[in-house]
Amino acid sequence: MRKKIVAGNWKMNMTLDEGQKLTSEIVNMFKDEAVTDVIAVLNPPFPHIFPVKKLIGDTPGIALGSQNCSNKESGAFTGEVSAKILASFGVEYVILGHSERREYFKEDNELLAAKVKQALANGLTPIFCCGESLEIRMAETHESNVKFQLTASLFDLSPEEMAKVVIAYEPIWAIGTGKTATADQAQEMHAALRRHISSKYGRDLADSISILYGGSANPGNAKELFSKADVDGGLIGGASLKSRDFLDIIKSF
Ligand code: PGA
């Protein structure tokens, strides 16, 4: 059985008060509405890690993630945050390879491979993002594009390491644009990614990996997306900043 995961990516949003309010609301709704079966991961900006962890406490089903980690273990790297530091604050997941990191911060496949290694070495679960631009989709090379992203950053992992990775398929043209991939488009890509993982690591391992969809997912389209065989959850940006919307997405399974 694959884990169902809905991860909220707050991106560079939320002051301290706003973040605490949002977290408290999510924790309370999660308990009151007796959500089971789905793991909710909150991925706030770094300064929120400690207060959000305190608010989550030991609520079953809610985990803490971060939006990035360093490719280095420790030392003189001003402004960086290591996977080891994050783990010591109770962080369990880390989003790596988000298209915004690739585009605005020039993170390449090699750097991402090193970040994935650091995350795994420190017990964090990487939520590894892949996805194609509109240009690539129009050229109909989207499948080979995302497969290459996986090969280049993940396929040096041992099977034991690979089994711990979560994948997020995020078509860039659907992020923050209000344009969602159709459920069929998402399913097609998730199945292609799973086949690709299977070609290297075997069917059983590929079948055990959660593949999340990201890109303008919302309470109105989550049910259809999550009904697809290879869609195991979502990576949610905008809609994760509203507690009711985030919960409704979680409850769309
Ligand atoms: P969005 O962002 O839901 O706002 O489109 C998704 C993401 O970037 O993770």
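The values are calculated or read from the model by the stated rules, or taken from the named source; none is laboratory data. Since the structure is predicted, the reported quantities are computational estimates derived from the model, not experimental observations. Quick reminder, even Gly has a Cβ in these numbers, built from the backbone with ideal geometry, and neighbours come from all protein chains shown.
Residue pairs whose Cβ atoms lie under 6 Å apart, sitting 6 or more positions apart in sequence or on different chains, and linking a residue in region 171-190 that is within 19 Å of F148 (Cβ to Cβ) and outside any loop (DSSP other than H, G, I, E, B) to a partner that is within 15 Å of the ligand (Cβ to nearest atom) and of a type in the set (S, T, N, Q), are I172/S99; I172/S133. Contact map, region 159-170: residues that are farther than 15 Å from A113 by Cα paired with residues that are among the hydroxyl-bearing types (S, T, Y) and within 16 Å of the ligand (Cβ to nearest atom), Cβ distance under 8 Å, separation 6+ or inter-chain. Pairs shown: A168/Y213; Y169/Y213; E170/S99; E170/Y213. Looking at region 87-111, which of its residues are in contact with an Asp or Glu (Cβ under 9 Å, 6 or more places away or on another chain) and either crowded, with 20+ Cβ neighbours inside 10 Å or in contact (Cβ under 8 Å) with a residue 60 or more places away in the chain (or both)? Matches in region 87-111: L96, G97, H98, S99. Being among the hydroxyl-bearing types (S, T, Y), part of a helix (DSSP H, G or I) and free of Cβ contacts under 8 Å to residues at least 60 places away in the same chain, is that true of even one residue in region 15-29? Among the residues of region 15-29, at least one is among the hydroxyl-bearing types (S, T, Y), part of a helix (DSSP H, G or I) and free of Cβ contacts under 8 Å to residues at least 60 places away in the same chain, which makes the answer yes.
For I167, the conditions (1) in a helix (DSSP H, G or I); (2) out of contact with any Asp or Glu (no Cβ under 8 Å at 6 or more places or on another chain); (3) surrounded by 14 or more Cβ atoms within 10 Å (Cβ to Cβ) all hold with the exception of (1). Listed by first and then second residue, the pairs with beta-carbon distance under 7 Å, at least 6 apart or on different chains, first residue in region 233-252 and under 24 Å from S208 (Cβ atoms), second among the charged types (D, E, K, R) and assigned to a helix (DSSP H, G or I), are S252/K223.
Counting just the residues of region 128-143 that are away from the ligand (no atom under 16 Å from the Cβ) and surrounded by 15 or more Cβ atoms within 10 Å (Cβ to Cβ), which one comes out farthest from A174 (Cα to Cα)? Spell out how you get there, then give the answer.
Just the residues of region 128-143 that are away from the ligand (no atom under 16 Å from the Cβ), to begin with: 135-136, 138-143.
From what is left, the residues that are surrounded by 15 or more Cβ atoms within 10 Å (Cβ to Cβ) are 136, 142-143.
Working: I136: 13, H142: 14, E143: 16 Å.
Per the stated criteria, the residue is E143.
Among the residues of region 88-114, those that are farther than 17 Å from K147 by Cβ, part of a helix (DSSP H, G or I) and within 14 Å of the ligand (Cβ to nearest atom) comprise E100, R101, E103, Y104. For P51, the test of being surrounded by 14 or more Cβ atoms within 10 Å (Cβ to Cβ) and part of a helix (DSSP H, G or I) is passed.
Do we find that I85 is within 17 Å of the chain's Cα centre (by Cα) and at pLDDT 95 or above in this structure? Reasoning before the result, please.
On the way: within 17 Å of the chain's Cα centre (by Cα): no; at pLDDT 95 or above: yes.
In short, no.
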